[in-house]
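The structure appears below as structure tokens.
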Amino acid sequence: MTLALVVGTLLALVSLAFVLYPLFADPGATLPPASRAVDHPEEDAVAALRETEFDRATGKLSDSDYAALKSRYTDLALAELRASDAAAAVPVAGAGDVAAIGDAAEAAVKRQMARLHECAACGPRPEPDALYCSGCGRYLPGCCADCGAAVNESGARFCPGCGTTLAA
């Protein structure tokens with residue numbers, strides 16, 4: 001009986017020491033090094049901005065505190081972004097190069113717009129392969145491929161002129 005009491009007491013003391021050790025140990029000895037983004041310091045300011053937005057959305061920050069923090073972190077993020085942009089600056093392109101880049105971008109936008117269908121009621125749709133408008137349900141090509149009859153009815157599955165199926 002005394003052996004069981006001694007063993008139980010020793011186990012209790014070891015468990016207590018294990019649980020209380022972090023409270024009495026050197027705080028810097030057990031913590032891992034901070035994981036800061038050394039290569040991209042602007043990520044810290046952006047992360048702080050996101051956390052500020054989240055804290056405001058969840059009701060943890062008042063409007064005045066939010067405005068002050070947002071202003072401070074925005075200025076910090078902009079300064080860090082400008083500094084990193086200045087460090088990684090490339091030679092400025094000539095006026096002809098800028099015009100060529102602008103023309104290429106314009107051509108890419110026109111190609112993308114040509115791929116999109118346009119709804120008569122809602123305008124261009126963002127889905128290039130859509131057969132029906134996601135806003136109002138109209139048949140996007142607008143007319144039957146077989147007979148050319150106009151299809152204006154919302155959600156039409158068959159051509160009103162010849163009766164062919166409009167979509168599979």
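The values are calculated or read from the model by the stated rules, or taken from the named source; none is laboratory data. Predicted, not measured: the structure shown is a model, and the values here were computed from it. Cβ atoms come from the backbone with ideal geometry, glycine included; neighbour counts cover every protein chain shown. Each accessible area value is taken on the protein alone, full model and side chains, heavy atoms only, with ligands, DNA and RNA left out. Shrake-Rupley method; radii C 1.70, N 1.55, O 1.52, S 1.80 Å.
Report the full-extension gain for the segment A25 to D55: residue separation times 0.36 nm, less the Cα-Cα distance, to one decimal in nm.
Extending this stretch completely gives an extra 7.5 nm.
Suppose R0 equals 30 Å. What FRET efficiency, 1/(1 + (r/R0)^6) with r the Cβ-Cβ distance, do L78 and K110 give to the nearest 0.05?
Once the sixth-power term is evaluated, E becomes 0.35.
Compute the distance in nm between two label points, each set 7 Å from the Cα along the Cα-to-Cβ direction, one at T2 and one at A120.
Each label point is offset 7 Å from its Cα along the Cβ direction, giving 10.3 nm.
Sort V151, V46 by heavy-atom solvent-accessible area, probe 1.4 angstrom, most to least.
Greatest to least solvent exposure: V46, V151.
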